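J.: Have a look at this one.
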Amino acid sequence: MSDSAASAATAPPEKADWRALFQGGQAAFTLLVLVGVALHALQVLIIAIVMPTVVADIGGAAYYTWPALLYTIGAIVGAASVGPVWATVGPRRGYAVSGFVFMLGTLGCAIAPDMALLIAARGVQGYASGLITGGGMALISGLFAPALRTRILALNQGIWMVAQLLGPAVGGIFAELGWWRGSFWTMVPILAVFSVAAWMKIPDRVEGDPARRGPGGIPIGRIATLATGVFCIAMAGPVTGAAYRVAFIAAGIALIALTFRLDRAAESRMYPTGAWSVTSPVGLSLWILFIGGLVQTSVPLFLPLLLQVVHGVTPLFVSFVSMAISLGWTVGTFWVSGWSGPKERVALWIGPLLMMAGLAGITLTATLPLLSVLTLSAVVLGLGVGTHNVHLLARTIAFAEKGEERITAAAMPSFRSLGTAVGAALAGMLSAIAGLGDATEPGPVGEAVTFVYAVNLIPLTAAVLFMFMLLARGDPAARPETSDRNPSESAR
């Protein structure tokens, strides 16, 4: 083969036009992936708005945060379960049945007579939603050509941004009506249609499918160990007392580490090879996603408190600054989604650096009368996330070892959500160390929040280093036998 032919064979694929996502049979796959993430995102965001109405109706104020907590834990574990579940029942049944179970969990929330049953139903909802979001990533890996992946991933991120605007609005409408159950009832028919459409349209096998296993392939023990570990991490946030926090975090880390150790030796894997390894490109990518989730949780968690107590701004301005992060994320995502080759590497290089610059700006101006600079820094932070995120996700899929494409893709939302859980617990511990407690004065609040943000610069620095290490590994190996065709064609 000539040098020019070899160069053409290994050149990165050009990004396809947006219209290709909605042409022919690809349209059904695109809509199923996007609707899946929209359903998940709305249920994440609506609950915070309707919870005061829920408590006023059925009581259980002592467990106010538990419905959101159980949903988050379920989503993390559900995304991690995609590999073994789909290896047992196949993509079509896996995705469709996940939608059906999500519908049952939503129905349970709608009819829950007390807080205990609502919490249980939210756990079911969360697990099924994790199967859907992780399954959506697996479908992107198996049914979308490499040239289309950053496009569908960009739309995936865009749906999250839209949900951040619609979720509170929809929840607010039902809360205003005093009919909190309506926020769940309206989802039931949508989930029913989603499940039927998934059953009809998703193929029974997709690109890179491993051999199908029997019913014993679902690792109940590892799933339970992971869920308990994540629960311990999550509980470290609301508990009081440094000793309790340290104990919960230590127990959570130990159980999560045990899950990964057991998984490495298992036949039906939940996570890809080298999931936490800094010598593996997949491991580096997952570390970056984990750290991104950690940092992105800590910043918005204390931003409203900082702005209202230290800067004395109105709740409307607080919402504006929070939306600035989302705006930057959205602009960055769609700006770079069509980049390929050297420009793709530029996006990956500058994304974490912009995140660092944004967080550094927020940290330095946290207690200064420079709201315009703080707001601009929030935009830069979001822009950094959006600039590198879709290309990192696509590159992680491309780096997956043969036969591990599905579990690699499904692991990505699980790792990011693990980061958010650890970030919330870490932020709570750091703020307590800094003396936040019940402080309501500008001085103590400003010092505590500044301390939390400053400490978060440490893992973000590690993420920058990991990105440099990832790019030093070169581009994913070209696969000439599949690079010129749509994986969905071979799945039929």
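J.: Would you confirm whether or not region 115-123 contains a residue that is crowded, with 24+ Cβ neighbours inside 10 Å and closer than 21 Å to residue 201 by Cα?
T.: Checked against the condition, which is being crowded, with 24+ Cβ neighbours inside 10 Å and closer than 21 Å to residue 201 by Cα, region 115-123 yields no hits at all.
J.: Quick check on residue 430: is it at pLDDT 85 or above and either surrounded by 15 or more Cβ atoms within 10 Å (Cβ to Cβ) or not assigned by TED's automatic domain parsing to the domain that holds residue 29 (or both)?
T.: Yes.
J.: For region 243-284, give me the residue count where each residue is within 21 Å of residue 394 (Cβ to Cβ), touching a Gly at 6+ places or on another chain (Cβ under 8 Å) and in a helix (DSSP H, G or I).
T.: Selection size over region 243-284: 2.
J.: Turning to a different aspect of this structure: If I ask for residues that are over 19 Å from residue 179 (Cβ atoms) and free of Cβ contacts under 8 Å to residues at least 40 places away in the same chain, which ones from region 56-92 would you list?
T.: Of everything in region 56-92, those that are over 19 Å from residue 179 (Cβ atoms) and free of Cβ contacts under 8 Å to residues at least 40 places away in the same chain turn out to be 61, 62, 64, 89.
J.: If I filter region 382-403 for residues that are of a type outside the set (Lys, Arg), at positive phi, in contact (Cβ under 8 Å) with a residue 12 or more places away in the chain and not assigned by TED's automatic domain parsing to the domain that holds residue 134, do I get at least one hit?
T.: Within region 382-403, one or more residues are of a type outside the set (Lys, Arg), at positive phi, in contact (Cβ under 8 Å) with a residue 12 or more places away in the chain and not assigned by TED's automatic domain parsing to the domain that holds residue 134.
J.: For residue 45, indicate whether it is modelled with pLDDT of 90 or more and over 23 Å from residue 223 (Cβ atoms).
T.: Taking the combined requirement at face value, the residue does not satisfy it.
J.: Which numbered condition in (1) modelled with pLDDT of 95 or more; (2) not in a helix (DSSP H, G or I) is the only one that residue 465 fails?
T.: (2)
J.: Residues in region 257-280: is at least one among the aliphatic types (A, V, I, L, M), within 24 Å of residue 351 (Cβ to Cβ) and modelled with pLDDT of 90 or more?
T.: yes
J.: Moving on. If only one of 106, 150, 186, 133 is among the polar types (S, T, N, Q) and surrounded by fewer than 19 Cβ atoms within 10 Å (Cβ to Cβ), which one is it?
T.: None of the other options fit; the residue is 186.
J.: Another question, if that's okay. Looking at 301, 316, 305, 294, can you tell me which residue is surrounded by 22 or more Cβ atoms within 10 Å (Cβ to Cβ) and either part of a helix (DSSP H, G or I) or assigned by TED's automatic domain parsing to the domain that holds residue 369 (or both)?
T.: The match here is 294.
The values are calculated or read from the model by the stated rules, or taken from the named source; none is laboratory data. Just so it is clear, the model here is predicted, and its values are computed rather than measured. Glycine gets a Cβ as well: all are built from the backbone with ideal geometry, and neighbour counts include every protein chain shown.
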